[in-house]
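Participant: Encoded as structure tokens, here's the structure I'll be asking about.
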Amino acid sequence: EVDSSKERRFLLLLAAELVSGLGSAVASFGLMLWIDQKNQNTAQLGFLVFAYLGPQIYLSLFAGHLVDRCKRKKLLLGSDFVQMIGSLILLTGIHFMGDGLPFWSVLLLNLVNGVFAGIQDLVFLSSASLFVQKERLLRYNGWMQVFRSIPSLLAPLLAVPWLSYLRRAAKITSIDHV
């Protein structure tokens, strides 16, 4: 017998993680474009990508133990919350400081977001077995992969308006300081 209430909760989790992943992907893609256009320095762009992805790769080797020992719900909500706060701090900094925002602060916030994105990813990937019966697990794992891919596909399309906003905010901020 299929426990439909657990599967409905899992579908709700998929939808919530889709929204969260979309926000993170748009912020990350827009940030990389902004840094590239602002500094035209490919080394900084490389450091930015490394600061985000490096912790995720490293954590994937060791954080499974953390995921198994802690409550997944708290880890998932906590990692989503930290990434959201990090992105809001970054957006606020860009809005108020514009091109004057130091690169090291962007790098640090991207590193923190990368650490918590790695934790979030491990928790999310390990959660399907808690909600879905074994014989339906393959189907739901397929859905998880689709839901994890959608933000990467849509981020470039959605980041363009975000980047336009940041440019306008930077111009307004620089005019206010004159």
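The values are calculated or read from the model by the stated rules, or taken from the named source; none is laboratory data. Because the structure is a prediction, the values reported are computed rather than measured. No Cβ is skipped: glycine too gets one built from the backbone with ideal geometry, and neighbour counts run over all protein chains shown. For accessibility, only protein heavy atoms count, side chains too; no ligands or nucleic acids. Shrake-Rupley method; radii C 1.70, N 1.55, O 1.52, S 1.80 Å.
Participant: Within segment 43-51, does at least one residue satisfy the condition of being closer than 23 Å to S164 by Cβ and in contact (Cβ under 8 Å) with a residue 40 or more places away in the chain? Before the answer, list the steps.
Facilitator: Start the filter on segment 43-51 by keeping residues that are closer than 23 Å to S164 by Cβ, which leaves 44-45, 48-49.
Subsequent filtering for residues that are in contact (Cβ under 8 Å) with a residue 40 or more places away in the chain retains 44, 48.
Yes, segment 43-51 contains at least one residue that is closer than 23 Å to S164 by Cβ and in contact (Cβ under 8 Å) with a residue 40 or more places away in the chain.
Participant: What is the residue count in segment 168-178 for residues that are modelled with pLDDT of 65 or more and surrounded by fewer than 14 Cβ atoms within 10 Å (Cβ to Cβ)?
Facilitator: 2
Participant: Here is a follow-up. Quick one: F47 ticks every box in (1) under 14 Å from the mean Cα position of the chain (by Cα); (2) surrounded by 14 or more Cβ atoms within 10 Å (Cβ to Cβ) except a single one, so which number is it?
Facilitator: For F47, the exception is condition (1).
Participant: Quick check: anything in segment 134-145 of a type outside the set (G, A, S), within 25 Å of N39 (Cβ to Cβ) and open to solvent by less than 40 Å² (accessible area, probe 1.4 Å)?
Facilitator: no
Conditions tested, residue by residue: (1) over 17 Å from L130 (Cα atoms); (2) open to solvent by 30 Å² or more (accessible area, probe 1.4 Å).
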residue	(1), (2)
L12	no, yes
A15	no, yes
G30	yes, no
W34	yes, no
A51	yes, no
I57	yes, yes
L61	yes, yes
C70	no, yes
Q83	yes, no
